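What follows is a set of notes on a single structure, which appears directly below.
Since every read-out is calculated from the coordinates, none of them should be taken as a lab result. Since we're looking at a predicted model, the values are computed, not measured. Neighbour counts are summed over all protein chains in view; Cβ atoms, including those assigned to glycine, are modelled from backbone coordinates with ideal geometry.
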């Protein structure tokens, strides 16, 4: 078993607070030293109380799923003897009411485009199989209730 952690820091900075007119901007601190600006989504909390330039939890959720898939895909492709030159994913998530009537990330769609190098090039079927295997192995995808789709671009 492994444990992962992040430290989040937020300060009121003199705002009245109880009137709901306070900044939602905060920082995510990770054990390796990375600090990421975080905020609520401007879709949920209007500007200026959100920071549109910061990462919101919904974006982070989509990015975590995409990143996990990427890392598994790279591992599996290398293990199969394929050389990945480039990998880009334009992923998005849909926020909607779930079966319980609560707002939730109900669908995440990954759209990875992979370029290969070297003499051994995978077929479309082999690429699809690698994506399927990566999805099955992804810890994050295995941890969520929402549907996660992978639609590779060829």
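Normalising the Debye intensity of the stretch 1-126 to I(0), with uniform scatterers on Cα atoms only, and taking log10 at q = 0.09, 0.13, 0.19 Å⁻¹ returns -0.41, -0.75, -1.15. Among DSSP beta bridges lying fully in the chain, give the percent that are antiparallel, nearest 5. Given both bridge residues lie in the chain, the antiparallel proportion sits at roughly 75 percent. Between residue 121 and residue 147, the simple label model (points 7 Å from Cα in the Cβ direction) yields a spacing of 3.3 nm.
Legend: P(r) of the stretch 24-72 from all alpha carbon pair distances, 5 Å bins from 0, whole percents, reading 5, 21, 23, 22, 17, 8, 3, 0. Across the chain, the relative contact order, built from alpha-carbon pairs under 8 Å that are at least six residues apart, equals 17 percent.
Which residues among the stretch 79-100 fall inside the zone where the amide N is under 20 Å from a point 7 Å beyond the Cα of residue 132, along Cα→Cβ? Only 79-82 fall inside the zone, counting backbone N under 20 Å. Relative to one another, the C-alpha centroids of the stretch 5-33 and the stretch 96-111 are positioned 26 Å apart.
Calculate, in nm to one decimal, what residue 36 and residue 95 gain on full extension: separation in residues at 0.36 nm each, minus their alpha carbon distance.
On the way: separation 59, 0.36 × 59 = 21.24 nm, distance 2.27 nm.
Length gained, residue 36 through residue 95: 19.0 nm.
Multiplying the residue separation of residue 88 and residue 26 by 0.36 nm and subtracting their alpha-carbon distance yields 19.5 nm. On full extension, the segment bounded by residue 71 and residue 13 gains 17.0 nm, given 0.36 nm per residue less the C-alpha separation. Of all beta bridges that DSSP places with both ends in the stretch 85-154, some 65 percent have antiparallel geometry. With respect to the chain, whose longest principal axis is taken over its alpha-carbon atoms, helix 124-137 is tilted by about 50°. Cα centroid distance between the stretch 119-136 and the stretch 56-78, in Å? What the calculation gives is 16 Å, centre to centre. Placing a pseudo-label 7 Å from each Cα along the Cα-to-Cβ vector at residue 3 and residue 139 gives an inter-label distance of 1.4 nm.
Helix 57-79 and the longest principal axis of the Cα set of the chain meet at an angle near 20°. Pairwise Cα distances in the stretch 57-150 exceed 23 Å for 27 percent of all pairs.
Exposure proxy check: 10, 28, 72 ranked by fewest other beta carbons within 10 Å?
Values: 10 13, 28 17, 72 21.
Result, fewest neighbours first: 10, 28, 72.
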